[in-house]
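See below for the structure under consideration.
The values are calculated or read from the model by the stated rules, or taken from the named source; none is laboratory data. These figures come from a predicted structure and were not determined experimentally. Backbone-built Cβ (ideal geometry, glycine too); neighbour counts: all protein chains shown. Side chains included, ligands, DNA and RNA excluded: accessible areas come from the protein's heavy atoms. Shrake-Rupley method; radii C 1.70, N 1.55, O 1.52, S 1.80 Å.
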Amino acid sequence: MTMRQELSILIPAYNGDCREQVKALSRQAEAVDGLRYEIIVADDGSTDRRCVELCREVELLPHCRFIDRGVNCGRAAIRNFLAREARYEWLLFMDCDMTIVADDFIRRYLETTLPGVIYGGYVVGEGEPSCLRFIYERKCAPQHTAEERRKRPFMHFHTCNILVPRQVLMDFPFDERFRHYGYEDVLFGKRLKREGITVSHLDNPAGFCTFEDNAHFVSKTEEGLRTLHQFRDDLRGYSNMITFAEGIHLSPVRWAIRLWHRMAGPVERRNLCGKSPSLRVFKLYKLGYYMSLPEK
């Protein structure tokens with residue numbers, strides 16, 4: 001079996017501390033004989049400058065580079081920037097809040113013979129039952145196994161842990177219209193399918209163990225729903241929310257959902273930001289929020 005001999009590990013950072021993640025990746029890469037590798041962390045205009053200075057410490061590790069962009073260019077553009085900065089044939093993209101949970105994480109990617117873009121998935125770490133992000137991710141965890149992801153390969157992958165041939169990113173970069181949170185990876189998957197590029201699913205998860213507080217997660221969810229609504233024409237067929245919302249053809253039903261959200265939305269939001277958030281309320285709130293967004 002031929003092992004990949006070149007690897008650029010690319011980590012966009014925003015208000016996060018990726019030092020332990022980079023240390024683990026560096027340790028594993030150093031242990032692979034003959035591997036030519038680099039690790040590049042690029043800060044996308046973090047507002048917390050302490051995080052920037054902490055991440056800068058990765059430059060003390062071999063083959064590691066830190067780039068302070070100074071301004072926020074968005075989730076798609078920062079990944080395209082990293083791809084252009086990379087020198088090697090294979091690109092491993094990881095989010096800065098992921099944890100390396102297996103000692104052979106790098107080796108599994110180097111040894112796999114799966115074709116195309118390869119998604120390793122993620123597993124959910126321990127969290128508090130009062131944390132909405134944790135209980136949401138735990139509920140969705142069965143959908144993230146490699147077996148489940150293979151059933152809809154172009155829809156069930158995320159940029160938090162993917163191996164991509166560099167030439168694919170050069171030919172089909174992320175859509176830089178996506179400046180705000182959410183869905184740039186979904187559109188990327190749709191484009192890969194259209195271009196006939198395989199998406200393979202490997203059981204090689206990173207750990208998702210850092211969960212934001214409830215108010216922050218609700219705000220991120222709202223931002224993601226605004227992104228989804230803005231690009232609904234591009235994402236149609238790749239979002240259950242769009243499919244469900246556009247499947248409601250009766251105007252009185254749509255009006256009733258908007259009225260409910262106007263009346264009950266603030267109460268639902270208080271529940272979601274509180275100490276006993278409900279996933280059922282979360283689902284209702286998302287639908288009402290999405291359908292209440294202006295059409296233009």
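Would you mind listing the strands (runs of 3 or more DSSP E) fully within the range 105-219 where at least 3 residues are under 28 Å from R269 (Cα atoms) and free of Cβ contacts under 8 Å to residues at least 40 places away in the same chain?
On the way: elements: 117-119, 122-124, 161-165, 199-201, 206-208.
In the range 105-219, there are no strands (runs of 3 or more DSSP E) which contain 3 or more residues that are under 28 Å from R269 (Cα atoms) and free of Cβ contacts under 8 Å to residues at least 40 places away in the same chain.
Modelled with pLDDT of 95 or more and touching an Asp or Glu at 6+ places or on another chain (Cβ under 8 Å): which single residue out of V124, V117 fits that description? Working first, answer last.
On the way: V117 fails: touching an Asp or Glu at 6+ places or on another chain (Cβ under 8 Å).
So the residue among V124, V117 that is modelled with pLDDT of 95 or more and touching an Asp or Glu at 6+ places or on another chain (Cβ under 8 Å) is V124.
Among the residues of the range 4-14, is any within 17 Å of the chain's Cα centre (by Cα), β-branched (V, I, T), under 25 Å from D175 (Cβ atoms) and not in a strand (DSSP E or B)?
If we filter the range 4-14 for residues that are within 17 Å of the chain's Cα centre (by Cα), which is where we start, we get 9-14.
Right, trim to β-branched (V, I, T) and you get 9, 11.
Those left that are additionally under 25 Å from D175 (Cβ atoms): 9, 11.
Next, from what is left, pick out any that are not in a strand (DSSP E or B): none.
The answer is no, given that none of the residues of the range 4-14 is within 17 Å of the chain's Cα centre (by Cα), β-branched (V, I, T), under 25 Å from D175 (Cβ atoms) and not in a strand (DSSP E or B).
Would you list the helices (runs of 4 or more DSSP H) that sit entirely within the range 234-291 and hold 3 or more residues that are farther than 21 Å from H156 by Cα and not polar (S, T, N, Q)?
251-273, 279-291
Of V32, V58, which residue is more than 20 Å from the chain's Cα centre (by Cα), crowded, with 19+ Cβ neighbours inside 10 Å and of a type outside the set (S, T, N, Q)?
Values: V32 fails: crowded, with 19+ Cβ neighbours inside 10 Å.
On inspection, the qualifying residue turns out to be V58.
Being within 19 Å of the chain's Cα centre (by Cα) and open to solvent by 20 Å² or more (accessible area, probe 1.4 Å) is true for just one of M155, M98, M170, M94. Which residue is that?
Values: M98 fails: open to solvent by 20 Å² or more (accessible area, probe 1.4 Å); M170 fails: within 19 Å of the chain's Cα centre (by Cα); M94 fails: open to solvent by 20 Å² or more (accessible area, probe 1.4 Å).
The conditions single out M155.
Name the single residue that is farthest from R191 (Cα to Cα) among those in the range 111-152 being exposed (fewer than 14 other Cβ atoms within 10 Å of the Cβ) and of a type in the set (S, T, N, Q).
Per the stated criteria, the residue is S130.
Sort out for me the helices (runs of 4 or more DSSP H) sitting completely within the range 18-102 that have 3 or more residues that are within 24 Å of M170 (Cα to Cα), out of contact with any Lys or Arg (no Cβ under 7 Å at 6 or more places or on another chain) and at pLDDT 95 or above. Lay out the reasoning, then the answer.
Values: elements: 19-30, 49-56, 75-85.
Of the helices (runs of 4 or more DSSP H) lying wholly inside the range 18-102, those with at least 3 residues that are within 24 Å of M170 (Cα to Cα), out of contact with any Lys or Arg (no Cβ under 7 Å at 6 or more places or on another chain) and at pLDDT 95 or above span 75-85.
Residue-wise test of (1) modelled with pLDDT of 95 or more; (2) out of contact with any helix residue (DSSP H, G or I) (no Cβ under 6 Å at 6 or more places or on another chain).
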position	(1), (2)
H158	no, no
Q167	yes, yes
K190	no, yes
P205	yes, yes
F217	yes, no
R226	yes, yes
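Please find, within the range 266-296, the residue that is least open to solvent (accessible area, probe 1.4 Å) out of those that are over 23 Å from F134 (Cβ atoms) and over 25 Å from the mean Cα position of the chain (by Cα).
Of everything passing the filter in the range 266-296, S292 is least open to solvent (accessible area, probe 1.4 Å).
Looking only at the range 173-214, which residues are open to solvent by less than 60 Å² (accessible area, probe 1.4 Å) and farther than 25 Å from R236 by Cα?
L202, N204, P205, A206, G207, F208, C209, F211, E212, N214
Name the residue that is farthest from A76 (Cα to Cα), counting only residues in the range 2-24 that are open to solvent by 20 Å² or more (accessible area, probe 1.4 Å) and polar (S, T, N, Q).
Filtering the range 2-24 for residues open to solvent by 20 Å² or more (accessible area, probe 1.4 Å) gives 2-6, 14-15, 17, 19-20, 23.
This time we only want the ones that are polar (S, T, N, Q), so: 2, 5, 15.
Values: T2: 32, Q5: 27, N15: 17 Å.
That would be T2.
Among the numbered criteria (1) modelled with pLDDT of 95 or more; (2) farther than 25 Å from H180 by Cα, which single criterion is violated by L279?
Of the numbered conditions (1) modelled with pLDDT of 95 or more; (2) farther than 25 Å from H180 by Cα, the odd one out for L279 is (2).
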